[in-house]
């Protein structure tokens, strides 16, 4: 009696597993990149995509399109990913010989990564606050130094740090907030710009120091009053 109950239950589980394989999220992908929409179904002989709805509710695909079969996987490559947000994909396949409608989705972000969580957001805001605080500190210290070269140096340092904060904010907004990992790697981009600005600032500081030295030399020699 128990064996008679177990066998139908196993068959039902297999049917459910095949249906559930056609109902899933495809994941998160980068903007303007082609996306491989893969469905797995061991009991299907065909799987179709019948519609794809963009985040603005427009239909970017509205005709039945046969997905390419490879073993038990069925793939459709979709490249119209210029809009950010969630895309809804609908299709059908002959699961165990019965046409079954499936619905799945995928997200498009700038970075191709999932949105950052609250903890990562707080860490970003904290680091931005520290950058601004250090820049303000050097700016205030420039008013407490009587030496003109030292004053100029502190102002340059504060400007560089505050510029770093602006660039950091721009990266945060651009990624928005599309991925914490990409945001961290994006730091190297404006760090490169920061090095260029630092090099220009150091060159300007050296020129200023040379001009001050020449002026002081002329003053000592009596060429200037």
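For a protection proxy built on the mean count of beta-carbon atoms within 10 angstrom, sort 32-41, 124-133 highest first, please.
Highest to lowest by the protection proxy: 32-41, 124-133.
Could you check the simple spin-label distance between residue 207 and residue 64, using points 7 Å along Cα→Cβ, in nm with one decimal?
Distance between label points: 7.2 nm.
Normalised by the number of residues in region 18-109, what is the relative contact order in percent for Cα pairs under 8 Å and 6+ residues apart?
Relative contact order for region 18-109 comes out at 38 percent.
How high is the FRET efficiency between residue 40 and residue 169 when r is their beta carbon distance and R₀ equals 30 Å, given to the nearest 0.05?
0.10
Cβ neighbours within 10 Å, averaged per peptide: list 150-156, 73-79 in order, most packed at the top.
150-156, 73-79
Averaging the inverse of every distinct alpha carbon separation and then flipping it gives the Kirkwood radius. What is it for region 18-109, in angstrom units?
This gives a value of 13.1 Å.
Since every read-out is calculated from the coordinates, none of them should be taken as a lab result. The model shown is predicted, which means the values in this text are computed figures rather than measured ones. With ideal geometry, Cβ positions are generated from the backbone for all residues, glycine too; neighbour counts draw on all protein chains shown.
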